[in-house]
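Here the structure is laid out as structure tokens; the discussion comes afterwards.
Bear in mind these aren't lab numbers, they're just calculated from the coordinates by the rules spelled out. Remember, predicted model here, so these are calculated numbers, not experimental data. Don't worry about glycine lacking a Cβ; one is built from the backbone with ideal geometry, like all the others, and counts go over all protein chains shown.
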Amino acid sequence: MFASRTNWLLNPNRLTREIEELRRKGVPLLDLTESNPTRCGFVFDQAAILETLADPRALSYVPDPRGLLGARQAVAGYYAERGITLDPRQIYLTTSTSEAYSYVFRLLADPGDTILVPQPSYPLFDFLAGLNDVGVVPYPLVYDQGWQIDLPTLEKRLEARARAILVVHPNNPTGSFVHRNELAELLAFCQSREAALVADEVFADYSLAPDSARVVSHAAVTEALTFTLSGLSKISALPQLKIAWLVVNGPSQLLPSALARLEIIADTYLSMSAPLALALPGLLETRRTLQPQIMERVRANLQSLDARLAIGQPVTRLGAEGGWYVVLRLPSIRTDEEWAIELARRDGVLVHPGHFFDFSSEGHLVVSLLNKQEVFDEGLARILARVANSA
């Protein structure tokens, strides 16, 4: 009696069962997968956050399909700080980037059409596409002294029913940004195939080092129809408040129609509540005190990691340009899942196996850089000791 689009495998995998059993036994665990900033010891301005949610204007219902104008103006101001001028009419407020993806997929794709997505990347797109009756075609990110988009392979996979190319800027978990030369090729593909560009920029504020070769933001792109997604879950480290947005840009012959069609989609959902929309400008401002704390933590953990790996360890880390994660490369004497299970069972350390993000080969683990440094250092020491004892 259920729809085929929800015919997922619901049984927990080996790693999940192992972790559940360890927790049932009360075994203490160091969670190096922790990516929830509200659980990582950062100092939030509680008074300012709560004050934004007490606006008496929230007692009135004044619906706007795009979301309240003041909130969209605040988002436009956020991009203005990056040198990008947007009309608030180009901005749609949503409760999550997942919802924004649904808007875009519904706008662009008929059932059976496809979206090209990066691999490795966060394992969300298959679910979002499937729930919108859209197919997913992966294109590879390759590593050679840094991550690059495999543009020749991407071009080969742009089949007739491809409606969009999706990029994550920076990618999760590789931490790789889209560079200007890559964007030029992507736009050429979009123009020749009448496809759109969809850019997920939730981690874009977390750059580990400046690089003039990177794209500042895809929100400025006008050469092809472009949809840029972001929100406060990462920008202000407030995932619990469910505030996100979608920015639409593109050529003059396509942009008005896209905006008009999206308005009907948004009017159908009337997504973001008035209290959250009214709170958005103030909550967006809290990023100015949160982001420095996060970047200090991320850089300190990365520096500690590099210092330990510089001693000739059999573990190396892959380069990252931004974000909250780092990819470790381990000897391929075990599968990624076997490494993760052994680390949990014998060392009490939780890590993500690379296959969770669709790495194409074994020997990759993914860890978060958000933990307090003493937790990160202890977890890392256990990982290195386990690998050394297994060599």
Karplus (6.51, -1.76, 1.60) ³J(HN,Hα), θ = phi - 60°, over the range 46-52, in Hz, Gly and Pro reported as x: 4, 4, 5, 5, 5, 5, 5
Rounded to 5, percent antiparallel among DSSP beta bridges of the chain: 55 percent
Chain lengthening between residue 303 and residue 240 when straightened (0.36 nm per residue, less Cα-Cα): 19.7 nm
Inter-label distance, nm, simple model (7 Å from Cα along the C-beta direction), residue 361/residue 124: 2.9 nm
Peptides 296-303, 172-179, 48-55, 353-360 ordered by average Cβ neighbours within 10 Å, highest first: 172-179, 353-360, 296-303, 48-55
In sequence order, calculated HN-Hα J values of the range 187-196 (Karplus, 6.51, -1.76, 1.60; Hz; x Gly/Pro): 5, 4, 4, 4, 5, 6, 10, 6, 10, 9
Label selected from (i) 40, 25, 17; (ii) 40, 22, 18; (iii) 35, 26, 21, the criterion being semi-axes √(5λ) of the Cα gyration tensor in Å as computed here: (iii)
Relative contact order computed over the range 94-238 (Cα-Cα under 8 Å; 6+ residues apart), in percent: 21 percent
Residue 82-residue 389 FRET efficiency (beta carbon distance; Förster radius 56 Å; 0.05 resolution): 0.75
Exposure proxy ranking, count of Cβ atoms within 10 Å, fewest first, for 242, 234, 25: 25, 242, 234
Cβ-Cβ FRET estimate between residue 378 and residue 270, R0 fixed at 56 Å, reported to 0.05: 0.75
Nearest 10 degrees, 0 to 90: helix 274-285 Cα axis against the chain principal axis: 60 degrees
FRET E, pair residue 288, residue 150, Förster distance 35 Å, beta-carbon r, rounded to 0.05: 0.40
Amide hydrogen neighbours beyond the local backbone of residue 30, cut-off 5 Å, H modeled: 349, 350
